[in-house]
Structure formats: structure tokens, C-alpha cells
Amino acid sequence: MIIEARSVSVRYRRSRPLALTQVSCAVQPGEMVAVVGPNGSGKTTLLRALLGLVPLEEGSALVDGRPVASWSRRQLAQTIGVVGQQEETVFPLSVAETVMLGRYAYLGALGAPGERDRAAVQTALERCDIADLAQRPVDSLSGGEWKRVRVARALAQEPRALVLDEPTASLDVRHEMELFELVSELVRDGLGGLVITHHLNLAARFAQRILLLDGGSVVATGTPSEVLTRETLSRVFEWPVAVTNLSDGSPQVVPLRSSKETL
Amino acid sequence: MTVRLLALSVLVLGCLVIGLIAGSVPLPLSDVWNGLLHGTGAGAAIVRDVRAPRVVLAFLVGGSLGICGAALQAMIRNPLAEPYLLGLSSGAGLGAVIAIASRAAGPWAVPLAAFLGALAAVALVYRLSLVSGRRLDPHVLLLSGVVVGAFAGALMSAIMVLSDAPGVRNAFLWLLGGFGAASWQALAVFTVYATIPVAILFYHARSLDLIALGDETAQHLGAEVHRVRRVVYLSTALLTAASVATCGIVGFVGLVVPHAVRTSFRPLHRSLLPLVFVAGGCFLVLADVVSRTAVRPLELPVGVVTALVGVPLFALLLRRTLA
Amino acid sequence: MGCTMVFSHRSPPIPRLRMGGPIFSLYRRRSNRSNLLSTIIVGLGLIGCERGAPPRGELRAVDDARDTVRLQAPARRVVSLIPAATELLFAIGAGSSVVGRTQYCDYPPAAQAVANLGDGIRPSIEAVLAQRPDLVVLYNSGQNAAVAGRLGELGIPHLRINTDALSDVPRVSRLLGLLTGHSHGADSVIAVFDTALAHATVTPGARRPKVLLLVWEQPPMTIGRGSFLSELIERAGGENLFADVTTSSGVVSIEAVASRNPDLILTTTEGPAAFATRPEWQVVPAVKRRRFLRVSGSEFNRPSPRAPSAIRELAQRMRDLTR
């Protein structure tokens, strides 16, 4: 268990209701866990709680069995690679330089990049299929390429788990699929994967387990077939849906145009 | 790499030599040489005791202001940040005016008061940012800096209008910036004092690369963002306050020089900071030369020169980046 | 330094001795007649007129802003917003007619009893009006133009004059004498002044000591030729170190001072005090040899009948220092 949350509750401000209520979640190496749910259901809060970025009102967040608060930022960065939702590019660097920043956790403030670092960067660039973009400035890239650069940077950290927050936002079909195929490969190679996404169908096809959140609580957790049922989804998302199955057994969700429509 | 280093050294040397030759009393190179090394020749005293420390001090102050600007730009994630935006300049001005209005004795009263005023403004900005609960958040810092700056500026104007102390209206002349008070002693004080903040900023160069991406991203990559923010903030404040105490408010160096280096070379901070230091130093040395020679035998405040040169330079840079 | 700074450091147009308008040419020509003739005329005048009796007809004068002042009778309630004018009014015998003065009008001591109306530049109109003046004397600066306009709208006669140079003493005395009905007092003041000035003026010897007029230290500021203090120094036998500076005051660099090597450094009590201990000033030989000339007293700040004694004091102290 690389990343684990045990009955975690989070409250942002004293007067407000809980953002997360006793949520438990676990990510193992070789497994992709998808966290889905309506807007405002607490998905990003869960990510912050797992990474020790918000204080917990109750419960515990563990990385590699130890409470996350006992990890320094550097140690965490060597273990978990995070690709957040958005990032500022006020001072655009080249792709290679950006990916090299992922080695900060190993280089520290003063160290100069050595063989090991260069190798890690090169591997990451190749895995993400952006090696030919290495010298391009990042502000000249398309959305899909920029996402892959950030994944490469996370990979350069040589982590044991990858956490991605809405990685397919504003990507077209091809780039969506490419991204999920990439993460799937990496998970197969032994990384743990935690993906927050609103894309139910991609989660259904690629994730081994799904965690469905609503209003800060866990509604269902299990395999995609177990979690993505018509009754559950219609209730949680407050919209009529139908669920079909693909040939590989993964459920696909189709939102209906009215409750009278049938597929 | 060595070619670059060589080119840089030549540039620095060239600027220093120009600084030594030019002045309200132009001296030929041979006099400068003799004056520096042997202490003989006409104008030896001028070269050795007045110009040499002045030129070196201008270089160091220019470099310091440059890297303060670069660091703050990364911290605030805004290429328009400059060292004085945290209320520093108004705080220093207020300190200087209070010193003059209260007829404080001693030749070091005004610089010391300016230094303390600058730090007081910074402390107030920090305190304000705590009130909002989001300490050292860039937006809050900017706003607090503007507010504190306006407050200090208003107090300063009020004192200048109401006080009948002689010369209180000359305070603004001191504030406009000048290296007239440069001496080997002043240089020594500044060097000893500035070494640590400069070293700290260089040490955190890579962390600045990360912070420029966003606080959360930087944390995910392993940076202790809050600690770095505090340290960088404090170092730039101290360094800028020392610069103000030495030579008044010299604007645009911390804004234009990092910008120019970034758009020309797009480097990471590990190279950016040294480059900016050298470029800022040369810029201020040349600006000081202009201030000494433009209206001989009078002097222009060097802050005026940097603004006059800085604005067209900035416009040129903008054109290049947007083109 | 505000009020005095303005008064003493404006440079009048050259040539220094300004001829007044056509009205005054009558009085000017008298100096070209023989002594005997002028004595007879003065005698007749004294017999024919009672002192202080109002002359028939309108009193007219053109002031330095080229406005014409018209009075139906000699002014009996004068608000003087220039310290030099206050002094002259008392000197010519019109002291009892002065009903308002500025806070800087410190001579003669009798002036202290007059109501203090504050600053002479942009004065409070209400304070002026409260004294119900029939003549207001203002310094001729751009900032007072609006005030003059306002007084004109309110129907109060006002006079804008420059009091910057020695030559203004006889000229302004005559003007004020005419308008207050104390022409005789004015004449005697002028006569005494002219004689004393002639006696006090030193014929320059083989070498005139070079004097640095240092009016502020942070940054170092001097005043150029044509200012009042510069005039005093020249008449006392010295030479302004920065006689080539045409603006009234300006910031100078230490190296300019050092290369010109003054024999003496003159400061006024309102000016710098502690600069001599600063390290960058040690390169100036006069500082090392402590050739400081500190003068105090308003007779050094503005033209007045005390100017000749000021010149004599300066001449004596310069001799002592350069012995």
C-alpha cells in the first residue's frame, strides 16, 4: 500500500461543514484507482489530504505505512509524482529543463545534474513520447503535449506512485486515450496510480478500482462493474443514465436525454 | 561556457574602466592607472578615494537590486515585480524625512533611518498578509505593499509640508538616488552586510524555479515552499533596504535587468541570478557615469537616469517579447 | 529652508544693476548731478515737505511682475510677505505701518510684535485679509501669481517684487518709500547703504580665495553665481567655486569639488553640519585642514541694509582662515 487514507475527515474552516467525511482509500503498486464523483464532491480535497497538504480533522493519511506528516517534502517527491490540475507558466522553460525540475527532490538546492539525473530525464521523455520536443519552449506546445511534459516530469522523480488530478481536461479524444494508455502502461510496470477524473467511461476501461464520492462521503468502492450501476449513478449525478457493457466487460455510461429515453 | 565567462568578464571590466575614466572631471587612462596603482599623478586622490569605491559600490548595488528583482518576480510569479513593491521605497522615504525633520544628528542618521523605515514597512506588509490568513500569498503581498506604500508616502508628504526643519524638502533629493556618499568605508559596510542575503538568494535559485510554477506544484516537486518564501522575502527585504540606505531609491534596475536577461537567455535561476547580478551591476555603473557627466559639474540623481533609460529599454523589451 | 532658500538662491537676470521703469529714472538721474545741486534740492525738499504728509495725487508704481500699483494715499496698513521687505520697511521708517509679516521675518526685533501670518509663499488669504491691509507686498514667484490675482479681485493693492540681489536694496527701498510716504527715509537708507557697500567691498588681491558654498550635504548641493550669498562672497574678495553653474542651486559630486580644490568651505547654520566627518569628504584638502566658514544670521540669506556688515565679516573671516 503506497498511498492510503483511513477514515479521513477534512474541514476547511471551522464554521463550514466537512469537506470529506470518513473517506478511506488505498492505492497499491500495479493498480490504478480512479476517483470519480460530481463537482464539489471532494475529489481534490482527498488528493490534498493524501499528500498532507491540508490538516485532517480525523483519520490518518499514510504513505508507505507511515503518516504523511512525518515525511519531508523531498522524501514525498521521491515517492509520489503528482500532476496537478493547472500550473502557471509565467517564465517558460524548455521541455528538457522542465522535466529536469522533477529531479529537484534528488538534487536539492546546490547539486549539479549528474548521469543518473540525465538518464532519468531521458527515460521519462521517451516513455512519454516527447523526446523530439526536448528543446522546445513549453509555451509553444499544444495542450496534449504540455500534459505529457508534466507527466514526464513526474516520472523523472522516479516515483513509486503517480497521482493525476483531472488529466484529460481540455484534451481531445486522441490525447485523452494516449494519456490513459500511458498511465495504464506505467501502472502495469509497477507504479501505483491514482487518477481523479470526471470521465467515467475512461475510468471504467482503464482503472482496476473506482471510488465514487458524493458530498464528501464514499458512495461506492470496488471494480468498475460494481460501482457504475444505473441506480447509483442516476442518484449521485442527479441525471438519468444508462449503462451498457463493452466486449471486454467494462461498463460504459450513457447519459439519457430524458428519463423516458431508453437505449 | 568559458567563452561566455570571458565575454562577461570583458563586459564587467569595460564598464568599470569607463566608470573610472568618466566623471565630472574626465581623466585619461594613464592617470587612472597611475592613480590606482601608484597613487601618483594628477587626480590620484580622486580616482582612488572617490571614484574607485563609487564605481565598485554602484556595481554591487546594481547587482543586488537586480537579483532582488529577479527573486521577487519568481516568488510573486509576475514579471513586473521589482524590489520596491513591498512598500520599501515609501518606508525608506518616510524614515529619511523623519530623520531630517527631527534634526537627527550625525552624518549617518539619514541612511540609518531610511534603512529602518524600509524594514518597518516590510514588517507591516508581512503583518498585514498574516491578517488575511494567507501568509506571504503573492496577491495579498502585492496589495499590502501598495497600501503600506501609499500610507507611508502620505505620511511623508504631510511631514514635508508641515515641518519647518531646514532642508526637509531636500529629503526628496536624497531619495531620488545618488552615489555621492560613496567611500571605501561605505563600500565595506555594504559588502559585509550584503554578502549573506546575496548568498542566500543564490542558494535558493533552484527553489525559485519551482516556486515560479505555483505553490502546490512546487510542493509536489519537493520544495518546502513556506520556508523558502520566508527566507527569500526576508533576504530581498534586507538587501533592498541596505541599497536604499546606501544610495536612495534607484528604480528600474530590479525590473528591467531581470526582464532583459530572461527574454534574451530564458535561463533557469541558477544561471539567471549570476547573469542578472552582472548585468545589473554594469547597468548601474553606466547609469552613474551618465549622472556624473550629463550636466557637468552638477550631478543628476541616478534614480532619474535609470528611469529615463529604463523606460525606453522596457518598451523595447516589450516589443521584442510580443513580436 | 523653504522660505529662505527661495529668497537667497534665485539668480536675477544679468546685468546685476537693474534700471527700474520710467517712473524711477527721475530718481536715478540725481546721482549724476553734482553734490552741491543735490544738497540744495534735498534741502528744499526737506523744507517744503513735512515728513509723512500725504503727497497730492495718486501714487503709482510698476512692480517686478509688470503690474501697476495705484494708491490714492500712502499705505498705512502694509502686509509684508517678504522678510527682506519687512526689514526695509522698518529701516525706512515705515515700521509702524506694518500690520502683518511672515514667520521668517526675524529682523529687526521690533518686527516680532507684528502679527505673524505664516508662510510668505502661497500665504493664507484669510490671514492676510484679517489685517485689513491697504498694500500687500509679495515675493515675485510663479507660486504667488494666483495669490496676486485673488488680491486683485478683492481690490487690494499688491506689489510683487524680487528681493534676490544687492541691487534690490536701493531699488525696493525707493519703491516702498514712495508707496508708504517715507521717501526721505528711503533716500537716507539708500545713501547709507551705497556708502557702506562701497567701503565694505574688497578690492580683490592677487589671488582670490575659492569658496565652496555648501548649502546641503545629503546630497551635496551648492549655489551658483548670481545668488545672493555668492554676491556677498565676491564682494568680500572671494570667488564662488562653482561660478560656472548658472542654475541657482544644484547637486555636485565630491570629485568635482576635490578637483577644483576650494580654499574654504562656507556653510550657513541651516545647512550641513556633520559632513566633515564623512569619509568621502576627506579627499578635499580644505576638509582635512578644517577650513570651515560657518555663518549664521539672516543677513546672509537675504539682501538688506545689513549686507555691508555681512560682507565685512566675511572678508575678515576669510582673511583669518587663509592666513
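If the Cβ limit is 7 Å and pairs must be 6+ apart or interchain, which residue in the range C:301-323 that is over 20 Å from C:A186 (Cβ atoms) pairs with which residue that is assigned to a helix (DSSP H, G or I) and hydroxyl-bearing (S, T, Y)?
Close Cβ pairs (under 7 Å, with a partner that is assigned to a helix (DSSP H, G or I) and hydroxyl-bearing (S, T, Y)) amount to C:N301/C:T4; C:N301/C:S8.
Would you check which residues across the range B:157-173 are buried (at least 22 other Cβ atoms within 10 Å of the Cβ), part of a helix (DSSP H, G or I) and over 21 Å from the mean Cα position of the chain (by Cα) and list them?
Within the range B:157-173, B:V168, B:N170 meet the criteria.
Take the range B:8-64 and flag every residue that is within 21 Å of C:V252 (Cα to Cα), in a helix (DSSP H, G or I) and not hydrophobic (A, V, I, L, M, F, W, C).
B:G19, B:R48, B:D49, B:R51, B:P53, B:R54
Suppose the filter is more than 24 Å from A:A77 (Cα to Cα) and among the hydroxyl-bearing types (S, T, Y); does A:S24 pass it?
no
Hey, among A:L125, A:L46, A:L51, A:L62, which residue is at pLDDT 90 or above and within 14 Å of chain B (Cβ to nearest Cβ)?
Selected residue: A:L51, the only one of A:L125, A:L46, A:L51, A:L62 that is at pLDDT 90 or above and within 14 Å of chain B (Cβ to nearest Cβ).
Could you go through the range A:140-163 and let me know if any residue there is at positive phi and either touching a residue at least 60 places away in the same chain (Cβ under 8 Å) or outside any helix (DSSP H, G or I) (or both).
Yes: the range A:140-163 contains one or more residues that are at positive phi and either touching a residue at least 60 places away in the same chain (Cβ under 8 Å) or outside any helix (DSSP H, G or I) (or both).
Just wondering, is there one or more residues in the range C:169-178 that are farther than 20 Å from C:F90 by Cβ and of a type outside the set (S, T, Y)?
For the range C:169-178, residues farther than 20 Å from C:F90 by Cβ and of a type outside the set (S, T, Y): absent.
Results for (1) under 15 Å from the mean Cα position of the chain (by Cα); (2) under 24 Å from B:P138 (Cα atoms); (3) more than 12 Å from chain A (Cβ to nearest Cβ), shown as yes or no for each residue.
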{"site": "B:T191", "(1), (2), (3)": "yes, no, yes"}
{"site": "B:R206", "(1), (2), (3)": "no, yes, no"}
{"site": "B:T217", "(1), (2), (3)": "no, yes, no"}
{"site": "B:G222", "(1), (2), (3)": "no, yes, no"}
{"site": "B:R227", "(1), (2), (3)": "no, yes, no"}
{"site": "B:R230", "(1), (2), (3)": "no, yes, yes"}
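How about the range A:209-247: which of its residues are within 18 Å of A:G40 (Cβ to Cβ) and among the charged types (D, E, K, R)?
A:D214, A:R235, A:E238
Could you tell me how many of the residues in the range C:211-267 are within 22 Å of C:W281 (Cα to Cα), among the hydrophobic types (A, V, I, L, M, F, W, C) and not in a helix (DSSP H, G or I)?
17
Give the residue, chosen from A:E185, A:E176, that is outside any loop (DSSP other than H, G, I, E, B), surrounded by fewer than 24 Cβ atoms within 10 Å (Cβ to Cβ) and either polar (S, T, N, Q) or more than 14 Å from the chain's Cα centre (by Cα) (or both).
Being outside any loop (DSSP other than H, G, I, E, B), surrounded by fewer than 24 Cβ atoms within 10 Å (Cβ to Cβ) and either polar (S, T, N, Q) or more than 14 Å from the chain's Cα centre (by Cα) (or both) holds for just one of A:E185, A:E176, which is A:E185.
Select from the range A:131-154 the residues that are crowded, with 23+ Cβ neighbours inside 10 Å and either more than 14 Å from every other protein chain (Cβ to nearest Cβ) or under 13 Å from the mean Cα position of the chain (by Cα) (or both) and list them in ascending order.
A:K147, A:R148, A:R150, A:V151, A:A154, listed by residue number.
Taking the range B:101-150 on its own, how many of its residues are polar (S, T, N, Q), in contact (Cβ under 8 Å) with a residue 40 or more places away in the chain and part of a loop (DSSP other than H, G, I, E, B)?
Qualifying residue count, the range B:101-150: 1.
Keeping to the range B:88-135, report how many residues are within 15 Å of C:A274 (Cβ to Cβ) and surrounded by fewer than 17 Cβ atoms within 10 Å (Cβ to Cβ).
Summing the residues that are within 15 Å of C:A274 (Cβ to Cβ) and surrounded by fewer than 17 Cβ atoms within 10 Å (Cβ to Cβ) in the range B:88-135 gives 6.
Taking the condition surrounded by 19 or more Cβ atoms within 10 Å (Cβ to Cβ), in contact with a strand residue (DSSP E or B) (Cβ under 8 Å, 6 or more places away or on another chain), in a helix (DSSP H, G or I) and not polar (S, T, N, Q), does C:L159 pass?
On the way: surrounded by 19 or more Cβ atoms within 10 Å (Cβ to Cβ): yes; in contact with a strand residue (DSSP E or B) (Cβ under 8 Å, 6 or more places away or on another chain): yes; in a helix (DSSP H, G or I): no; not polar (S, T, N, Q): yes.
No, not satisfied.
Residue pairs, Cβ under 6 Å, 6 or more apart or interchain, first in the range A:80-107 and more than 7 Å from chain B (Cβ to nearest Cβ), second charged (D, E, K, R) and part of a loop (DSSP other than H, G, I, E, B). List them.
From residues that are more than 7 Å from chain B (Cβ to nearest Cβ), the pairs are A:Q85/A:E166; A:V95/A:R136.
(1) within 16 Å of the chain's Cα centre (by Cα); (2) within 22 Å of B:V231 (Cβ to Cβ): which one isn't true of B:L124, the others all being true?
(1)
Return only the number of the condition from (1) under 29 Å from B:T191 (Cα atoms); (2) among the aliphatic types (A, V, I, L, M); (3) not in a helix (DSSP H, G or I) that B:V295 does not satisfy.
For B:V295, the exception is condition (1).
The values are calculated or read from the model by the stated rules, or taken from the named source; none is laboratory data. Note that the structure is a prediction, hence the values are computed from the model and not measured. For neighbour counting, all protein chains shown are included, and Cβ atoms are generated from backbone atoms with ideal geometry for every residue, glycine included.
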